[in-house]
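The values are calculated or read from the model by the stated rules, or taken from the named source; none is laboratory data. Owing to the predicted nature of the structure, the values given are computational and were not obtained by experimental measurement. Note that we place each Cβ from the backbone using ideal geometry, even for glycine, and neighbour counts take in every protein chain shown. In case anyone asks, the SASA skips ligands and DNA or RNA and just uses the protein heavy atoms, side chains included. Shrake-Rupley method; radii C 1.70, N 1.55, O 1.52, S 1.80 Å.
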Amino acid sequence: MNFGKIFKKKGYLIVDQILNENQLKELRADLSKEFNDRKTFGIFLHQLKNKSLALKILSLFKNDKLKTQLNSLKEYYGKNASLLPRFEIVKNYHVNLKENHGWHRDCGGELKYKYCKNILYNKKYLFSKVGIYLQENNDYGGSIDIIKNSHLYFSSFLSIYRKFKAIPLRFVMLIHSKLNRLYNLMSESLFMFFLNAEKLLPKKGSAIIFDTRLIHRGSPISKKKYNEVKFNKGTYQASLEEKNNKYTIYCHFGSSESVDSLMYDLTKRQNNKDEMHLWIEQLNFISSLDKELYVEINQVIKPISEKYL
């Protein structure tokens, strides 16, 4: 199976169940202890108190099924690519539909700059997020929604057509902002149909690799479950019963050119000027746990870190 060809067409790949049921239970219990008493919804890999847990998490990304698909992407695009920071564990990161619709592209900031567009528009562009989801995607969320084919039409010739294809989303955003009460009374499935969107339904313990140009969001908690959930106002965080807690493990995967585009954007944002330092901090931490992965990451980011540090 040519995973590279599928990824280029669909903008994502699902790697089924890289964890079994026992591994899931153990990992969720370990993460519950880590997040206990922490007033945060995200922990970077190098911030984990339990260092054996950090090693366990890194080992997930060496799963044979996941490695097969990532290697297929490298071969298809002809790129020296690697798993990349940020390695982060997130708990109960949820869109509150009363405050935000959630739809976005991870590369949205890069589209402001011609320098980045030249990279994003390249047919060999390879940059993605890898998410490992420790639950099913149900009424309490658990994975992601995507707008089909929204990673396509990235070229100077097709940019107008891409913007035309985004009109339905702009319309939904307008309803959400101007008629929010009406928005929340309407069925979310209606908006999903209008947007040509899909709720991905990977089995729990599966991974999803998705193009950073793909419009997506964390699958929101169902509107019919609002009364069971306490959202923290102004954040993307919610409090749920333990059995419904959502845990996701993220990192990036891509080539040096794509990292260059990301850093070009982030270094121009006041709150993200230290992003490259964070990557190096994680890289140094990984060197003590997995020398092979350290070498792979360093080969990809070294020329970029020398440019931005």
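Some points to look at:
- Flag for residue 52 being assigned to a helix (DSSP H, G or I), at pLDDT below 95 and surrounded by fewer than 22 Cβ atoms within 10 Å (Cβ to Cβ): yes
- When the range 217-255 is filtered for residues that are basic (Lys, Arg), under 20 Å from residue 203 (Cβ atoms) and open to solvent by 40 Å² or more (accessible area, probe 1.4 Å), only 243 remains.
- Qualifying residue in the range 194-205 (condition: open to solvent by 60 Å² or more (accessible area, probe 1.4 Å), within 29 Å of residue 226 (Cα to Cα) and without any contact (Cβ under 8 Å) to a residue 40 or more places away in the chain): yes
- Scanning the range 151-167 for residues that are surrounded by fewer than 15 Cβ atoms within 10 Å (Cβ to Cβ) and modelled with pLDDT of 95 or more yields a single hit, 167.
- Being within 29 Å of residue 147 (Cα to Cα), free of Cβ contacts under 8 Å to residues at least 24 places away in the same chain and over 20 Å from the mean Cα position of the chain (by Cα) is a condition met by at least one residue of the range 54-67.
- When 286, 297, 304 are checked against the criterion of being under 17 Å from residue 129 (Cα atoms) and either surrounded by 15 or more Cβ atoms within 10 Å (Cβ to Cβ) or in contact (Cβ under 8 Å) with a residue 24 or more places away in the chain (or both), a single residue qualifies: 297.
- Candidates 178, 224, 230, 199, filtered to the one that is over 24 Å from residue 130 (Cα atoms), modelled with pLDDT of 95 or more and of a type in the set (Lys, Arg): 178
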